[in-house]
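Just so you know, all these numbers are worked out from the coordinates, no wet-lab data involved. In this text the structure is predicted, and so the values were computed from the model without any measurement. Using ideal geometry, Cβ is built from the backbone for each residue, glycine included, and neighbour counts are taken over all protein chains shown.
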Amino acid sequence: MFEISLLRTFLAVADARHFTGAGVKLGINQSTVSQQIRRLEATCGRQLFTRDTHTVNLTADGAVLADHARRILDIDQQASDYFSDSAPRGRVRLGVSDDVTLTRLSSLLREIRRSNPLLSIELMVGLTNKLYQKLDSGWLDIVFAKRLNDDARGISIHRERLVWIGHEDFQLNRTDPVPLILYPSSSITSTLAMEALNAARRPWFVACSSETLNGIRAGTQAGLGVMAQSRLLLADRGSNLVQMSSDSGLPQLGEVEFVVLGRSAKLTGAIAAFAEIIIEKGPSLWDLDSPATAVG
């Protein structure tokens, strides 16, 4: 029913909110844009835009068609890539740190699989140090995790400052030794927590230790102590976890940086294609207020 070229012009106008701007984007003149929109409206039997001398806006029918049109063009592109042999294909062994799983990573991976059916992803979740070891040993192709202090490799995706988190009923006075809930001492977050407390000359002890984020979170949820982690842990409203108040006297924590890196500086094939997607979409993973962004 719909010509792909007409839908492409329609979306260009919908995005630009201007016929001339859409023509510039598509490399055609305004009269051609207007002609194609009239043809599409005749096909639909509906008015798609309201126009005046300054603005162009979608009608209710136009908004419905815009949603369908994006999906139609997406499927058309996937089919074109598949049969032109340009779609990314192959296996990518991806390692991500526990922290990254708190983001919208699962939505992004589902979208990547849907948009790239020839791309196979094997996922491993673990501590950052161990992921780097597996990468260097050839067990992983690419890692999306925190940057190690002594490792300059990788492309920066996101930076954030850690916060002290405890159960809402947990009480800590300024003079109390700090009961820490942490990963083994080799982890980046554990090191930052201990360094901050030592620099502030605040006594501390290990109240709970776990190799997994679920274990760390469970210990904090049980009120055993406090942890130094991402604010993303506070997004789960049913957890009763809160950021510790300044009354606790806990020192400021340092920042962590999330990077994407492969075994070599120059990536090729499916690994390079996957890394490009993470580099493009990765920063938005920490934006919990926005919907998952489609990857086409």
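Before moving on, here are some points about what is shown:
- Springs join every pair of Cα atoms under 10 Å in this Gaussian network model of the chain, and among VAL163, VAL100, VAL33 the largest mean-square fluctuation is at VAL33.
- Applying 0.36 nm per residue to the separation of VAL206 and TRP139 and subtracting their alpha-carbon distance, the gain on full extension is 20.9 nm.
- For the chain, a Gaussian network of Cα nodes joined below 10 Å ranks ALA218, ALA145, ALA22 by mean-square fluctuation, and the top entry is ALA22.
- Helix-only mean residue ellipticity at 222 nm for the chain, each DSSP H run of n ≥ 4 adding -39500 (n - 2.57), per residue, nearest 500: -12000 deg cm²/dmol
- Under the combined filter of DSSP loop state and at most 14 neighbouring Cβ atoms within 10 Å, segment 181-242 retains these trypsin sites (Lys or Arg not before Pro): ARG201.
- Taking amide H atoms as placed 1.01 Å from N in the peptide plane, the amide H of GLU257 lies under 5 Å from those of ARG147, each 5 or more residues away in sequence or on another chain.
- Cβ charges +1 (Lys, Arg) and -1 (Asp, Glu), total dipole of the chain, debye: 420 debye
- Scalar couplings 3J(HN,Hα) for segment 97-103, obtained by applying the Karplus form with A = 6.51, B = -1.76, C = 1.60 to θ = phi - 60°, are 6, 3, 4, 5, 5, 6, 7 Hz; x denotes Gly and Pro.
- Along the chain, counting only GluC sites (Glu not before Pro) with a DSSP assignment other than H, G, I, E or B and at most 14 other Cβ atoms inside a 10 Å radius, the longest segment between sites is 4-167.
- Under 5 Å, built H, 5+ apart or other chain: amide partners of GLN229: VAL163, ILE165
- Gaussian network model of the chain, Cα within-10 Å springs - most flexible of ILE278, ILE142, ILE75: ILE75
- Long-range lysine pairs (8 or more apart or interchain), the chain, Cα under 30 Å: 10
- Rg over Rh for the chain works out to 1.11, using Cα positions for both radii and the Kirkwood form for Rh.
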